[in-house]
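The structure appears right after this line, and notes come after that.
The values are calculated or read from the model by the stated rules, or taken from the named source; none is laboratory data. This one's a predicted model, so the numbers in the text were calculated from it and none came from an experiment. Positions of Cβ are generated from backbone atoms using ideal geometry, with glycine treated the same way; all protein chains shown enter the neighbour counts.
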């Protein structure tokens, strides 16, 4: 049932889009009530607004600790308009209905991240805000509750169209409200538990896990496993940063494994785009990434999109069969024609021309995913390890920025861009991982060979990287760089690389045998740089 908004209470710490919302509400004849700074901002903008004290009939006390906790205000949020007894009691006690609240909370999380003192943290624990939010969410059949500026546009579109909001929308906002207060309380409780001193240096953040279904998947990693696609229900913008907001132009439904592979292909492609922007020798080119079973098997730059794709495919044509491909730039007719002759599962690109869609449309099961390249946020990575237990870590976004030459034979300055390209590539390979990148016959960087997913680094070189590299007759070994995701524990790996005629090596270092490994390089005339940063991918 639709709810007409006649009276709204606004009390926000985050004042993003506040005035636009206030103007639109006031323009529709909605009576605005506001607290403290929110009132001041609306009043100074010239919109009619009532101070909350005129509703509570009590002044703001104790430096703002008390301003909304009152009989009249809470009554206006909680009484059931369809319950005659409630309506009668409200009239007897002079309680007016409040149809909508716009409330967000004191910025406790931001203060915690900036390591404010314990006293400042205490003052940023909101009391009245969560109380109003929970009361309104409980009474969603009679009250609309907005808790995030990201919700305003959706509300206004519905409100402007109908002059009211539906019960479905109110239920969704109420659900998000309870999720938000749960996260807020969880963060405070977690901080309190970790508080051992008079400041919050040891306080850590909590990642409160609350997942909302996007869709049920056909199956999980294997056909006998059920699986669902979910998003963070506590973050109303979560979908905008993930594949749930991408436009699927054609193809059969996505699977569990598809989404995992898509993430690797897309992230690698975004980082490749960033490298091209930052490295002058790479700028103005196109990038292509080919992924199979969570592992990049082809990666290249090209002067055209098709050139990048052809050389990425040539890196490992066998593994590229049935792969997921991410491309920079719009997919045009020439690329689509080339791809139409290959078996691939998914193509991710910022756009597809009408002609490309027409050509690829002949492959009915092929998924075309329109998703712009983006800069990633610092969203934590979460993995489950058992019943109700999770591992949470920061993402491994940046690849190495400094390369310290440690051998007698110095690492050539002209190969520094290649070293960055190789480090970016290798950090997405499964450990233990060693890759060889180099200049292809087209004059731009490409992945030439890789050994990954092995229990020891020597086997990654001897059984995978070496044979794949030797199978290519176009390799210029003077322009090749070897990159390892972790340190070489023994000199035997260096000897194996020397036998493959590879001269330039990039690795993190950090082994107790670093000096032995560096000594082997000096003895064989190889050049090595240390980055100081490991990139395991388990």
From the option list 37, 46, single residue qualifying as assigned to a loop (DSSP other than H, G, I, E, B) and out of contact with any helix residue (DSSP H, G or I) (no Cβ under 9 Å at 6 or more places or on another chain) is 46
Scanning segment 429-445 residue by residue, those surrounded by 24 or more Cβ atoms within 10 Å (Cβ to Cβ) and closer than 16 Å to residue 287 by Cα turn out to be 437, 438, 440, 445
With criteria (1) at pLDDT below 90; (2) in contact with a strand residue (DSSP E or B) (Cβ under 7 Å, 6 or more places away or on another chain), residue 177 comes up short on (1)
Does residue 470 satisfy being over 23 Å from residue 265 (Cα atoms), outside the structural domain of residue 295 (by TED's automatic domain parsing) and at pLDDT below 95? yes
Picked from segment 18-65 (must be over 20 Å from residue 99 (Cβ atoms) and modelled with pLDDT of 90 or more), the residue nearest to the chain's Cα centre (by Cα) is 19
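Would you list the helices (runs of 4 or more DSSP H) that sit entirely within segment 264-349 and hold 1 or more residues that are in contact (Cβ under 8 Å) with a residue 60 or more places away in the chain and in contact with a strand residue (DSSP E or B) (Cβ under 7 Å, 6 or more places away or on another chain)? Give the steps one after another, and end with the answer.
Numbers: elements: 305-315, 317-320, 333-339.
Ranges flagged: 305-315.
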Sole miss for residue 88 among (1) surrounded by fewer than 16 Cβ atoms within 10 Å (Cβ to Cβ); (2) touching a strand residue (DSSP E or B) at 6+ places or on another chain (Cβ under 7 Å); (3) outside any loop (DSSP other than H, G, I, E, B) is condition (2)
By residue number, the members of segment 343-370 that are surrounded by fewer than 22 Cβ atoms within 10 Å (Cβ to Cβ) and either more than 18 Å from residue 261 (Cα to Cα) or not assigned by TED's automatic domain parsing to the domain that holds residue 253 (or both) are 351, 353, 354, 355, 357, 358, 359, 361, 362, 363, 364
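Given the condition in contact (Cβ under 8 Å) with a residue 12 or more places away in the chain, in a helix (DSSP H, G or I) and within 26 Å of residue 109 (Cα to Cα), answer yes or no: does some residue in segment 4-18 qualify?
yes
Looking only at segment 29-42, which residues are closer than 27 Å to residue 141 by Cβ and surrounded by 14 or more Cβ atoms within 10 Å (Cβ to Cβ)? Step through it out loud before you land on a result.
Within segment 29-42, the subset closer than 27 Å to residue 141 by Cβ is 29-35, 38.
Correct list: 30, 31, 32, 33, 34, 35, 38.
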For helices (runs of 4 or more DSSP H) lying entirely in segment 414-525, having 3 or more residues that are in contact (Cβ under 8 Å) with a residue 40 or more places away in the chain picks out 416-426, 514-524
